[in-house]
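S.K.: Below: one structure in structure tokens.
The values are calculated or read from the model by the stated rules, or taken from the named source; none is laboratory data. These figures come from a predicted structure and were not determined experimentally. Here Cβ is always computed from backbone atoms with ideal geometry, including for glycine, and neighbour counts include all displayed protein chains. The accessibility values were calculated without ligands, DNA or RNA, using every heavy atom of the protein model including side chains. Shrake-Rupley method; radii C 1.70, N 1.55, O 1.52, S 1.80 Å.
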Amino acid sequence: MNTLLRLTTVELLRPHLDTPVNVINVEHLARSRGIELVQVPEPSPRGPGRDIIGIRADSPNGESHRVLGTVYADGLPRVLRVDGFAMDMVPEGTWF
């Protein structure tokens, strides 16, 4: 499993778990809660130096959400897309 996928999952689960979560145990903790971690290769994004990461969450009832993001040369993270909505937003504050 990709290290970036592990790190992203750690940060998504950490606020919701009483058990300490890290890159070593994150796959086990996710699976024990019915969360499947999958890395899906996609075509390279257009434009110079744009590494984009995407997170998709699928619920048992068929609902699905996807967020794409990157970090530009200024060092600030950017949200580029939420579901079908394009944007260029610097996230702030606490998510949870």
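S.K.: Pairs only if they're at least six apart or on different chains, beta carbon under 8 angstrom, first in the stretch 13-37 and free of Cβ contacts under 8 Å to residues at least 60 places away in the same chain, second open to solvent by 70 Å² or more (accessible area, probe 1.4 Å) and part of a helix (DSSP H, G or I); list them, first residue then second.
M.R.: From residues that are free of Cβ contacts under 8 Å to residues at least 60 places away in the same chain, the pairs are V21/R14; V23/T3; V23/L7; L37/R31.
S.K.: Considering the stretch 8-42 alone, what residues qualify as being out of contact with any Leu (no Cβ under 8 Å at 6 or more places or on another chain), small (G, A, S) and surrounded by 10 or more Cβ atoms within 10 Å (Cβ to Cβ)?
M.R.: S32
S.K.: If you scan the stretch 43-67, which residues turn out to be modelled with pLDDT under 75 and surrounded by 10 or more Cβ atoms within 10 Å (Cβ to Cβ)?
M.R.: P45, R50, listed by residue number.
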